[in-house]
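The values are calculated or read from the model by the stated rules, or taken from the named source; none is laboratory data. What you are looking at is a predicted structure, and each value in this text was computed from that prediction instead of being measured. Using ideal geometry, Cβ is built from the backbone for each residue, glycine included, and neighbour counts are taken over all protein chains shown. What goes into the accessible areas is simple: the full protein's heavy atoms, side chains included, and nothing from ligands, DNA or RNA. Shrake-Rupley method; radii C 1.70, N 1.55, O 1.52, S 1.80 Å.
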Amino acid sequence: MKSGFPRCNRANRAGERHLGSSSLAPMQQMPKNHLLTREEKLQVMRNLLKQAPPEEFNEVFNDLRLLVGDDSLMSQEAACLWALHNKVYFTPVRQKECEVLLTRHNELEESRFLDPQKQVSFKFDHLRKQASDFQAHAQEDKKGEMWRRALYEALNVYVSSHYAEGLCSVFIKDTAVRKILVACIEGHLNRPSAFWNGLWKSEWTVGLTPTSMSAQVTGTIDVHAHYFEDGNIHLTVCKEVIGTLPVTSEAQTAQDFVQLVEKADNQLQAGLAEEYQKMNDSHLKAFRRQLPITHSTIDWEKMVTARIVEAPAVH
């Protein structure tokens, strides 16, 4: 059953990092009345845009545009930073001609990407989030493609069942000594009207050596949540995973890989749920202001209006 968060019915504790809020990169102290130079403005702008939460780059950019008041300066860096944002957070591209995640692993050249499943390459406009100029791009390594496709098909079933609006992509890289399969997963839910956005993404590598009966697996799971009603709260969690898979047939190894991914996801989600409960029972209770005896919040606007009406006229 799918829950309201990008990844659902996932249920750890684990080696994850928790950050309560985002912070700016350290900046040198400046005199009180110092006017920023163009280069200093550019550096501040870069720092802020790099910290834009997933799916919120446009909002951060527009706010900065009002503050900076220099469109030529903003446009100078916008395309490059927007491209970085899309690749870091595995922006999904869903069009009739392709369905793939944007990552550093399938970038062929600047703004051109590969969809290995449909065997096409395309140009991507990061500002408009549109793919175009589709061209056939067949895989030359037939044996490697069999492994890649088996892993994708097994992982796609898992993602479709457990991630809300999720998408996965699997890429293959061939080195002199082994084949490396890279699996990327992305699931997000954006609810700006409810003042929150969330992303669950992970990246996995599987190293296949011709003479080995096992494969080394490494993975990184990242969870981002942003809540911004009457405040600005960020949650960032990162968990690293290391494991080993027995290498048999393509289909069986793919199933074993999916089980490893599911186990890691379950552990992380269970740990987060436990951590939330602890925070709710201790830290968050200490932050809450006690309600008055009426057990309701004070309507300050109503009180001010009443005072204005009741105030005696001044002649």
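Filter region 92-116 down to the residues that are open to solvent by less than 10 Å² (accessible area, probe 1.4 Å) and not hydrophobic (A, V, I, L, M, F, W, C) and list them by number.
So in region 92-116, the residues open to solvent by less than 10 Å² (accessible area, probe 1.4 Å) come out as 93, 98, 100-103, 106, 113, 115-116.
Hits for region 92-116 are Thr103, Asn106, Asp115, Pro116.
Which one is surrounded by the fewest Cβ atoms within 10 Å (Cβ to Cβ), of the residues in region 41-63 that are charged (D, E, K, R) and in a helix (DSSP H, G or I)? The residue in question is Asp63.
Within region 6-22, can one find any residue that is under 23 Å from Trp82 (Cα atoms) and modelled with pLDDT of 50 or more?
Of region 6-22, the ones under 23 Å from Trp82 (Cα atoms) are 6, 21-22.
If we keep only those that are modelled with pLDDT of 50 or more as well, we get 6.
Yes, the conditions are met somewhere in region 6-22.
Within region 65-88, residues that are of a type in the set (S, T, N, Q) reach partners that are open to solvent by 80 Å² or more (accessible area, probe 1.4 Å) with beta carbons closer than 9 Å, at six or more positions or on different chains, in the pairs Asn86/Lys129.
At least 3 residues being closer than 22 Å to Lys179 by Cβ is the threshold, and among the strands (runs of 3 or more DSSP E) wholly inside region 110-165 those reaching it are 112-115.
For region 198-249, enumerate the residues that are at pLDDT below 95, of a type in the set (D, E, K, R) and on the phi < 0 side of the Ramachandran plot. Scanning region 198-249 gives a single hit, Glu229. Scanning region 236-267 for residues that are open to solvent by 30 Å² or more (accessible area, probe 1.4 Å) and closer than 19 Å to Tyr89 by Cβ returns Thr236, Glu240.
Number of residues in region 143-198 that are more than 14 Å from the chain's Cα centre (by Cα), among the aromatic types (Phe, Trp, Tyr) and surrounded by 15 or more Cβ atoms within 10 Å (Cβ to Cβ): the value is 4. Of all residues in region 191-237, those being among the hydrophobic types (A, V, I, L, M, F, W, C) and outside any strand (DSSP E or B) number 4.
Of all residues in region 90-145, those being among the basic types (Lys, Arg) and in contact with a strand residue (DSSP E or B) (Cβ under 9 Å, 6 or more places away or on another chain) number 6.
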